[in-house]
Amino acid sequence: MSARDFQQALARILTDAGARESFFSGDESFLAAYPLSTVELANLREIRLQSRKGFEFFAELLRKKRGAKVKALLPLTFALLGEHLWRQAWHEYCDTLRLGTVPTVEADASQFGAFLEHFVARRSPFSPVFGEILLY
């Protein structure tokens, strides 16, 4: 039971779309990974009752901030994909990634790069050259 544990649980809800959906539907099983006190759990439940719209708004701000940091680490990948495809890939990555912890920017960039390999293959199965250029 610590402020750090509470912050990590809250960060997970804000950055992991699956955990956030579970949390707002009442499934708190993923919170077992964090040694939270009954007061901390009550505080999280209070947040859930107050405003999902506000929570989603803040989660989207964090997603954009993470995306901007990853984009800064992968400028050539961004240039290759372009704004539209980058945005689609980033949103799908954030929506499908299940985080145990909030990754560092470097880890996020690495995981996003691995995700892009599959993302591009699904989008252009008849054009493997694009995927090869991306991996380069």
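Before moving on, here are some points about what is shown:
- In the chain, helical runs assigned H by DSSP with n ≥ 4 each contribute -39500 (n - 2.57); averaged across all residues and rounded to the nearest 500, the mean residue ellipticity at 222 nm is -25500 deg cm²/dmol.
- Cα-based radius of gyration of the stretch 22-70 once divided by 2.2 N^0.38 Å, which approximates compact folds: 1.34
- When the Gaussian network model of the chain links Cα atoms closer than 10 Å, the mean-square fluctuations of V39, V120, V105 top out at V39.
- Scalar couplings 3J(HN,Hα) for the stretch 38-47, obtained by applying the Karplus form with A = 6.51, B = -1.76, C = 1.60 to θ = phi - 60°, are 5, 5, 5, 4, 5, 5, 5, 5, 5, 4 Hz; x denotes Gly and Pro.
- Computed over the chain, the range of Cα coordinates on each principal axis works out to 54, 24, 22 Å, biggest value leading.
- Label-point separation, H91 to S51 (7 Å along Cα→Cβ), nm: 2.3 nm
- Evaluated over the Cα positions of the stretch 3-50, the convex hull gives a direction-averaged projected area, one quarter of its surface, of 3.0 nm².
The numbers here are math on the coordinates, done by the rules we state, and not lab data. Note that this is a predicted model, so its numbers are computed, not measured. So basically every Cβ, Gly included, is an ideal-geometry build from the backbone, and we count neighbours across all protein chains shown.
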